[in-house]
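Below is one structure, written out as C-alpha cells; the observations come after it.
The values are calculated or read from the model by the stated rules, or taken from the named source; none is laboratory data. It should be emphasised that the depicted structure is a prediction, and the values quoted were computed from it without experimental measurement. We place every Cβ from the backbone using ideal geometry, glycine too, and count neighbours over all the protein chains shown. What goes into the accessible areas is simple: the full protein's heavy atoms, side chains included, and nothing from ligands, DNA or RNA. Shrake-Rupley method; radii C 1.70, N 1.55, O 1.52, S 1.80 Å.
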Amino acid sequence: MTPDAVTATPVPDRDSPAPARAAGRDRYLDLWRAAALGRVVIYHVFGWLWLTVLFPAMGLMFALAGSLMASSLDRTGPAAVGRRMRRLLPPLWAFGAIAVPLLLLTGWRARPAGGLGWGELLWWVLPVRTPPVGDQAWAWAFNVVLWYIVTYLWLVLLSPMLLALFRRWPWPTVAVAALLPVLARFDIARLDGYFAEQATNVSSYLACWLLGFAHHDGLLRRIPARRYAAAVAGLAVAGAAWIILDGVHAGVYDLNRIEGGNTLWSMAFVATVLRFRPTLAWLARVRPLSRAVELLNARAVTVYLWHLPVGMVAALLLTPVDTHNYWANVAIRITVVWALLAVPVGLFGWVEDVAARRRPAILPPSALPWTRPAATVPGWSLRTAVARWAALLPRPGRSARAAAEPALSGAELALSRAEPALSRAEPALSGAEPALSRAEPALSRGAEGTPGRSRTRLGNGWHRAMVGGVACLSVVLAGAALHVIPGLPVPPSLPVAQAETPRYLSDQVLVLDDADAETPGLVAVSAAAGDTAVTVGGTAYPNAVVARTPSRIRVHPPSGCDRLRALTGIGGDADAAAQVTFAVQADGTTVFDSGARTAADGAAEVDVPLPTSTTAIELVATSSTGPASAVWADAHFLCAS
C-alpha cells in the first residue's frame with residue numbers, strides 16, 4: 001500500500017524533536033488511508049472486481065501521497081525527494097532480501113524478460129521498473145503489486161517539477177494530467193519504449209497526485225460548493241459511463257485495466273473525499289478502531305508488500321477447509337489472512353521505523369492496545385511547542401545558540417511543570433466541546449468572507465448532493481460488475497484484450513476428497529516439474545490432473561482468475577469400455593457437466609467462466625461402470641497477469 005501511510009505527520013526536521021504521539025495527526029486522512037489499504041488486501045485475496053469500482057483505493061492512495069509530498073517539499077525543498085525514497089526503499093529491500101533468494105533456491109533459472117537480462121535484478125534496488133521474479137507458478141505473488149511502488153517512486157522523483165508547474169498553472173495542469181490517459185487510450189498519445197508500462201501507470205494516476213497538491217494548498221476548499229459539486233458530477237458521470245461501456249462491450253470491470261475511465265472515476269472519488277476535513281474526534285474514543293488505524297498507517301508498506309504472499313499461504317492452508325457456506329468461507333479466509341499478516345509485520349515492520357528514523361519496535365507504541373495516551377490538551381504539546389519556538393530563533397553562530405540554550409531549558413522546565421495543571425483542566429475543556437459545536441454554525445455564518453470556512457460543511461445542500469451522487473454511482477458500478485443491474489446487458493463471452501496468464505492446476509495445491517473413492521489416487525503431471533506427459537486421444541499433454549473415479553478434487557483459484565479451461569478424457573487401455581461423467585462445481589454450483597462419455601468419444605472441452613466471488617472449484621468425476629482413470633488434461637485457470 002501507500003508508502004506515505006507510514007505516518008500521517010510529515011517527516012520532522014533533523015534539528016526538531018519527534019512529533020508527539022497523537023499531535024498533528026489528521027485522523028480523517030488516516031482513516032481513509034487505512035480503509036484503502038484494507039480494500040487492497042481484500043481485493044487481492046478474493047479477486048472481487050466490483051471492489052475496484054465501488055472504492056477506487058489506488059487513486060485515493062496516490063492523492064494522499066501527493067498531499068504529503070507537497071507538504072514535505074514546502075518544508076525541506078528538493079531534499080524531500082531523498083527523504084521519501086528513504087522511507088520507501090528499505091522496506092522494499094527487506095522484502096526483496098527474502099523474495100529473491102527464495103525464488104532462486106526453489107528453481108528460478110529462466111533469464112528475466114527485459115533488455116538487461118539478469119541485470120533486471122537492479123530494479124529490486126532502485127525500482128524504476130517492476131522488479132523481475134522467477135517462472136515458478138507462485139512467483140507472481142512477489143511482484144504483481146510492485147507496480148504501485150514503482151509508480152509512487154516516479155511521481156516522487158517528478159514532484160519538484162510538478163509542484164512548480166502546478167503552482168504556476170494549477171487547474172490547467174490538472175486538466176492536462178486528466179487528459180493524458182484519455183489520449184493514450186485512443187492512441188493519440190503513444191507511450192512506448194522500455195518504460196512504457198511505467199509511463200502508462202504514471203499518466204493514469206498523475207491527476208490524483210496533483211489533486212493531493214491542491215488539497216495541501218487548500219485550493220479544493222476555496223471553490224464555491226455549487227461549482228465544485230458540478231465539476232465532481234461531470235467527472236463521476238463521465239468516468240462511470242466509460243466503465244459501464246467498457247464492461248458491456250469488452251467484459252472488463254476491473255478499474256485498474258480501464259485506462260481513461262479509471263482516471264476520471266478516481267478523480268471524482270478523490271475530489272469528494274478531500275473536499276472535507278472533519279476532525280473525527282470520536283475516533284479516539286473507539287479504541288480498537290483507533291489502534292487498528294494507527295497500526296495500518298505505521299506499517300502500511302510492510303502490509304502492502306506482504307499481503308499477497310501471505311494470501312497465497314492462507315489459500316494453501318485453507319484448501320482442505322470447506323464449510324459449504326460461501327460467507328463462512330469468506331469470513332474464515334479474511335481472518336486467517338490478517339492473522340498471518342501479523343508474522344511479517346512483527347518480523348519486518350521495524351524496518352519502517354528505521355527508515356523513518358524512529359526507534360525500532362515490533363509494534364509502534366501508539367498501536368499497543370494497552371498503551372494509554374498521555375494527558376495533554378488536545379492538539380497541544382508543551383515540549384514540542386518550546387522546541388519549535390526554539391527552532392525558529394535566529395542562529396548566527398554556534399556560540400549564540402549555546403548561550404541561548406540555558407534560557408530555553410529553563411523555560412521548557414517551567415512549562416513542563418505546568419502540564420499537570422493543564423491536564424487537570426482538560427475535562428473542563430472537553431465539557432465545553434458540545435457548546436462550541438453548537439456555536440460553530442453561527443461562527444461559520446459570521447465568517448462568510450473567509451474562504452472555505454462554511455462552504456466545506458457536509459450540511460451544505462450541494463455537498464450532500466455531491467456525496468450522495470458519487471455514492472450511488474459507486475453502488476451502480478459495483479452492481480454492473482456483479483451483473484445484477486436490471487436492463488444492463490451482460491457482457492458477451494469474448495476474448496478480453498489484456499494479458500492473461502495460465503495457472504495450471506497441476507502446479508496448484510489439490511485436495512482429493514476420497515470419502516467415496518474405493519481406490520483413491522491423484523496424480524498431478526506438471527511440465528515445470530519435468531513429469532512425463534499424459535496422452536489423451538493420441539495427443540500428449542505436459543500438464544494434467546489424473547484421478548481414479550469416483551473422485552472430487554478441490555482447488556482454490558488464484559486471485560484474478562476468471563476462467564477454467566481443460567480437456568477431459570479417459571486414460572488407459574483397461575478403461576476403454578468405461579463410462580465417465582465429468583463435472584465442474586464452483587462453490588457447490590455445477591457450471592459444467594459432460595454427461596456420460598467413453599474413451600471412443602475423445603476429449604471433451606471445458607471452458608467455463610468463473611464468478612468473481614468464486615472461492616473453491618471442484619472437479620468431479622463419476623463412473624457407472626466401475627473405477628476408471630479420469631483425466632483433466634491441460635487444466636488451467638486463465639488469470640489477468
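Convex hull volume of the C-alpha atoms in segment 565-640, normalised per residue: 84 Å³. Go ahead and run the numbers for FRET between ASP187 and ALA577, Cβ-Cβ distance against an R0 of 51 Å, rounding to 0.05. Efficiency for this residue pair is about 0.30.
Legend: residues HIS556, HIS216, sorted from most to least accessible area (1.4 Å probe; ligands, DNA and RNA excluded), read HIS216, HIS556. Pairwise Cα separations in segment 302-355 fall into 5 Å bins from 0 onward with the following percentages, short to long: 4, 20, 26, 19, 13, 9, 5, 3, 1, 0.
Using r as the Cβ-Cβ distance of VAL248 and ALA175, and R0 as 30 Å, what FRET efficiency do you calculate, to the nearest 0.05?
Numbers: r = 28 Å, r/R0 = 0.93.
Between VAL248 and ALA175 the formula returns 0.60.
For segment 115-209, the C-alpha radius of gyration divided by 2.2 N^0.38 Å, with N the number of residues, is 1.24. Computed from backbone phi with θ = phi - 60° and the Karplus coefficients 6.51, -1.76 and 1.60, the 3J(HN,Hα) list for segment 285-290 is 7, 9, 4, x, 5, 4 Hz; x is used for glycine and proline.
Using a probe of 1.4 Å, the accessible surface attributed to VAL476 totals some 60 Å² when neighbouring protein chains are kept in position.
Enter the accessible area per residue of segment 154-251 (Å², integer; probe 1.4 Å; all protein chains in place).
Values: 4600 Å² over 98 residues.
Value for segment 154-251: 47 Å² per residue.
For segment 568-641, the fraction of 1.4 Å probe accessible surface lying on carbon and sulfur atoms is 47 percent.
For segment 543-641, the solvent-accessible area with a 1.4 angstrom probe is 35 square angstrom per residue.
Please state the relative contact order of segment 91-243 as a whole percent: Cα pairs under 8 Å, 6+ residues apart? Before the final figure, lay out each step's value.
Details: 105 pairs, mean separation 24.5, N = 153.
RCO, segment 91-243: 16 percent.
Protein chains only, probe 1.4 Å: how do MET161, MET466, MET85 rank by accessible area, largest first? Let's see the in-between values first.
Values: MET161 110, MET466 10, MET85 45 Å².
In descending accessible area the options line up as MET161, MET85, MET466.
Net charge dipole, segment 537-641: roughly 200 debye, given to the nearest 20, about the Cα centre with Cβ charges of +1 for Lys and Arg and -1 for Asp and Glu.
In segment 247-358, the alpha-carbon atoms span a convex hull of 201 Å³ per residue.
Normalised Debye scattering of segment 65-114 at q = 0.20 Å⁻¹ gives log10 I(q)/I(0) of -0.73, counting only Cα atoms as equal scatterers and leaving out solvent.
In segment 575-619, what is the volume of the convex hull around the alpha carbon atoms, normalised per residue and reported in Å³?
On the way: hull volume 3.0 nm³, N = 45.
Cα-based convex hull of segment 575-619, divided per residue, equals 66 Å³.
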